[in-house]
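The values are calculated or read from the model by the stated rules, or taken from the named source; none is laboratory data. If you're wondering where the values come from, they're calculated on a predicted model, not measured in any experiment. In this analysis, Cβ positions are derived from the backbone assuming ideal geometry, glycine residues included, and neighbour counts consider all displayed protein chains. SASA here: full protein model, heavy atoms, side chains in, ligands and nucleic acids out. Shrake-Rupley method; radii C 1.70, N 1.55, O 1.52, S 1.80 Å.
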Amino acid sequence: MTELPATVRAPELTVVVPSYNERDNVPELAARLGRVLAGIDWEMIVVDDDSPDGTSAVVKELARRNPRVRCIRRVGRRGLAGACIEGMLASSAPVVAVMDADLQHDETILPDMLGHIRAGRELVVASRNIEGGSKTEGLSPVRQAISDLGRRLSGMILKAPLSDPMSGFFMVRRDLVEEIAPKLSTAGFKILADIAASVTHRPSFAEVPYVFRERVHGESKLDAKVALDYLGFILNKLSGGLIPLRFIFFALVGTTGLFVHMVSLYLALGAGMRFAAAQTLATFVAMTSNFLINNEITYRDARLKGARFVVGLVLFYAVCSLGAFANVGVASWLYAEAAGWWLAGLAGALMGAVFNYAASSALVWRR
Ligand code: GDD
Ligand code: MN
């Protein structure tokens, strides 16, 4: 035998595949990688967050027959970005790629992407937003709009002008990732944008177009939580990391509360309630909704359950009431000191938000 078996030659390329409930997709992905990466020393590391459908068992079974396949089963943790980071750091290949497990990413462009890295590029992004690429096949109009907004906002924080910064399909030199790994956030779907914002220099990069395919098995995990997380990430970077991510989430959740309040008020008035009663009801609905979302997202690491959930909710009502006093107090004082109505109003609202945040962190979601 002139050629060493693949198990002995170290891989040049590690394809990191984050997975959650993808048992029907991963074997097919491994088969396709085997075909398109023929002639390349590659491996696939599936990073599975202990999927209830048993994805990791399926992958490990596959790995018994195919030594190019590895699996990291993470227990007690969730998060796409964290899974990608962990997979990339488990690699010792000079080049790492990240791609989804669900076959929506076009694996046939991988050799082309590797070609760009071999030619000296540090980062190659598979893009839906350049000539020859498309995102229309797999995206709803709402997702399209969110994606466009995200792209415009992230333009302000990235070290490279990427056309598809939210792409979950890219290839990068591993040394670049190793250098910035401690700075990367493990929550949400923002791994590529985080890398492109955290590098210390402008990376040399290339983009390869691809068509985002329709999902066949399983379902998408991208939800409002993921979108909020992305927005929080961008605002945090825009403030130079000065404003804590948690406060940004808290304030964003507060903004959603305003909408909830107005919709509730409208419905209550429509149902024939008197204004004062309707306004009181709307206030409680908004506070409750804020509490629920904050418990899910802002303070997910200190999430309240059972009896502590009820106590927390009551405490939160109390905190918000005090916050309202602080808000009105500051605003009225400034207004009396001849500040413009909008400045007084804004300062009051900010005071209320900061008070609610500080008191909630100290009392409601004590860690
Ligand atoms: N380990 C792990 N943990 N994997 C996860 C998690 C998690 O918490 N959440 C999602 N995944 C995996 C999925 O199993 C899939 O392989 C991949 O990450 C992408 O998740 P999807 O839920 O299929 O995302 P999508 O198709 O809706 O979103 C696409 O567009 C996004 C925004 O443009 C993907 O291409 C994303 O990568 C991209 O960020
Ligand atoms: Mn998908």
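Quick look at the values:
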item: Positions within segment 229-273 being of a type in the set (A, V, I, L, M, F, W, C), surrounded by fewer than 14 Cβ atoms within 10 Å (Cβ to Cβ) and not in a helix (DSSP H, G or I), in sequence order; result: Leu242, Ala271
item: Residues satisfying the stated conditions in segment 170-197, i.e. in contact with a strand residue (DSSP E or B) (Cβ under 9 Å, 6 or more places away or on another chain) and not in a helix (DSSP H, G or I); result: Phe170, Met171, Val172, Arg173
item: Test result for Asp194, within 28 Å of Ser134 (Cβ to Cβ), in contact with a Lys or Arg (Cβ under 9 Å, 6 or more places away or on another chain) and among the acidic types (Asp, Glu); result: yes
item: Filter pass, Phe205 being away from ligand 1 (no atom under 16 Å from the Cβ) and buried (at least 18 other Cβ atoms within 10 Å of the Cβ); result: yes
item: Options Lys183, Lys221, Lys225; residue that is under 18 Å from the mean Cα position of the chain (by Cα), within 13 Å of ligand 1 (Cβ to nearest atom) and open to solvent by 60 Å² or more (accessible area, probe 1.4 Å); result: Lys225
item: Test: residue in segment 212-228 that is under 20 Å from Val142 (Cβ atoms) and touching a strand residue (DSSP E or B) at 6+ places or on another chain (Cβ under 8 Å); result: yes
item: Count of segment 32-57 residues which are outside any helix (DSSP H, G or I), over 24 Å from Ala10 (Cα atoms) and touching a strand residue (DSSP E or B) at 6+ places or on another chain (Cβ under 9 Å); result: 3
item: Segment 81-101 - residue that is open to solvent by 20 Å² or more (accessible area, probe 1.4 Å) and among the hydrophobic types (A, V, I, L, M, F, W, C) and, of those, nearest to Asp229 (Cα to Cα); result: Leu89
item: Close pairs (6 angstrom Cβ cut-off, 6 or more residues apart or separate chains): away from ligand 2 (no atom under 16 Å from the Cβ) in segment 198-226, open to solvent by 50 Å² or more (accessible area, probe 1.4 Å) and not in a loop (DSSP other than H, G, I, E, B) anywhere; result: Ser198/Lys183; Ala206/His116; Val208/Asp112
item: Segment 208-218, residues that are open to solvent by less than 10 Å² (accessible area, probe 1.4 Å) and either in a loop (DSSP other than H, G, I, E, B) or modelled with pLDDT under 90 (or both); result: Tyr210
item: Residue in segment 302-312 that is part of a loop (DSSP other than H, G, I, E, B), at positive phi and assigned by TED's automatic domain parsing to the domain that holds Thr283 present; result: no
item: Search result, residues across segment 316-335 that are over 36 Å from the mean Cα position of the chain (by Cα) and open to solvent by 80 Å² or more (accessible area, probe 1.4 Å); result: Trp333, Tyr335
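Rundown of residues vs (1) more than 23 Å from Val226 (Cα to Cα); (2) open to solvent by 40 Å² or more (accessible area, probe 1.4 Å); (3) touching a Ser or Thr at 6+ places or on another chain (Cβ under 7 Å), yes/no style:
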position: Val8; (1), (2), (3): yes, yes, no
position: Tyr20; (1), (2), (3): no, yes, yes
position: Leu33; (1), (2), (3): yes, no, no
position: Ile45; (1), (2), (3): yes, no, yes
position: Val69; (1), (2), (3): yes, no, no
position: Val75; (1), (2), (3): no, yes, no
position: Leu103; (1), (2), (3): no, no, no
